[in-house]
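Notes follow the structure.
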Amino acid sequence: MFSLDGYGPQIFAGAVTTVELSVLSLLGSFLLGLLGASAKLSKSRTLFAIATVYTTLIRAVPDLVLMLLIFYSLQIWLNDATDYFNLDGFNLDPFTAGVITLGFIYGAYFTETFRGAFMAVPKGQMEAARAFGMEPLYAFRRILFPQMMRYALPGLANNWQVILKSTALVSLIGLTDVVKASQNAGEGTFRTFFFTSIAGLIYLFLSSISKLVQYYLTRKFSVGVRQVVF
């Protein structure tokens, strides 16, 4: 008989935490990716070098190692800062640490995704915008960004799926996400396989919803683009 043995609310709360962690990490990665791509495409050698070192190091080190390094490093830096300024101690909670860590890690992947997408937009588009007297920020928002997103969406969707699954790593630093909640339920009922399968189905459901969102965004940013008919 299908029963969650009273662990349903905990698993549901863990699933909500997973979604919140994923969305906030996505936002952080998105913003950091835009900054990183801008730095790699800028004429400043210093910005280019910083962005290159950042993306190279992050993509070369396993996510689990980075998760532990950043989590403990952040806490140490916070402790040093509070001691230096004679402030009260501050303990970084696992959720905040998870958002910062995942955002920082996948910002490197978003950087390369956005860099390629920016380069795919014809340069004549921005030249035409300048010829019409558009302000740089307005031209970016109305011309460059929508076209860039059309090229970036496949990579963004792939990175989102990876972020969604990588939230499971945050359970190692004490966050009760859907994986940790399912693990606790399995240990409490000796039905580890069953509750692990429940966690897998929840991730499958979230991934399926993500596919629908990706389809909507693809249609939104492809307005006015002629589709090839075979």
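The values are calculated or read from the model by the stated rules, or taken from the named source; none is laboratory data. None of these values were measured; they are calculated from a predicted model. For neighbour counting, all protein chains shown are included, and Cβ atoms are generated from backbone atoms with ideal geometry for every residue, glycine included.
Structure notes:
- Inside the range 1-27, residues that are under 21 Å from the mean Cα position of the chain (by Cα) and loosely packed, with under 13 Cβ neighbours inside 10 Å make up a count of 2.
- Complete set of residues in the range 100-115 that are farther than 24 Å from ARG150 by Cβ and buried (at least 24 other Cβ atoms within 10 Å of the Cβ): THR101, LEU102, ILE105
- Subset tally (residues that are touching a Leu at 6+ places or on another chain (Cβ under 7 Å), closer than 16 Å to GLY174 by Cα and assigned to a helix (DSSP H, G or I)) for the range 52-100: 10
- Filter result for PHE221 (among the aromatic types (Phe, Trp, Tyr) and buried (at least 17 other Cβ atoms within 10 Å of the Cβ)): yes
- When residues of the range 116-138 are limited to those that are part of a helix (DSSP H, G or I), of a type in the set (A, V, I, L, M) and surrounded by fewer than 20 Cβ atoms within 10 Å (Cβ to Cβ), the one modelled with the lowest pLDDT: MET126
- Qualifying residue in the range 180-196 (condition: assigned to a loop (DSSP other than H, G, I, E, B), of a type outside the set (A, V, I, L, M, F, W, C) and surrounded by 21 or more Cβ atoms within 10 Å (Cβ to Cβ)): no
- Pair list, Cβ under 7 Å, 6 or more apart: the range 46-58 residue at negative phi, other residue charged (D, E, K, R) and surrounded by 12 or more Cβ atoms within 10 Å (Cβ to Cβ): PHE48/LYS40; ALA51/LYS40; THR52/LYS40; THR55/GLU112
- Here PHE30 fulfils each of the conditions (1) of a type outside the set (S, T, N, Q); (2) out of contact with any Ser or Thr (no Cβ under 9 Å at 6 or more places or on another chain); (3) exposed (fewer than 14 other Cβ atoms within 10 Å of the Cβ) apart from (3).
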